[in-house]
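Q: Pasting a structure below so you can have a look.
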Amino acid sequence: AGGLAMIVSIGNLGGFTGPFMIGLIKDSTESYTMPFFAVAAVLLIGLCLMLWLGDPARQGNPTLPAPQAVPK
């Protein structure tokens, strides 16, 4: 329950921070180009973090259950 609450809280922060950041940058630059570059940069940072951390299920972590094939 705590992990789910943390995920929801981060999502709600993103729902506030994203539009606020776009509006703040747009007001200072008078253009929508830079806010979209900022959003793209945040997404690129997220992609790099995801690739750097990798999939914990593929790293042989004994605390995670191994993926199971679903029989048909």
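Q: Starting from the Cα-Cα distance between Y32 and Q68, subtract it from 0.36 nm times their residue separation and give me the gain in nm to one decimal.
A: In short, 8.3 nm is gained.
Q: Which of the three applies to the stretch 1-62, rounded, prolate or oblate, going by the alpha-carbon gyration tensor with a ≥ b ≥ c and a/c under 1.5 meaning rounded? Can you show the working numbers first?
A: Values: a/c = 6.63, a/b = 1.79, b/c = 3.71.
Oblate, because a/c is 1.5 or more while a/b does not exceed b/c.
Q: Any idea how far apart F20 and L43 come out in nm if each label point goes 7 Å out from Cα toward Cβ?
A: 2.2
Read-outs: derived from the displayed coordinates by stated rules, not from any lab. Note that the coordinates shown come from a computational prediction; the quantities given were computed from them, not determined experimentally. Heads up, the Cβs are rebuilt from the backbone with ideal geometry, glycines too, and the neighbour counts pull from every protein chain shown.
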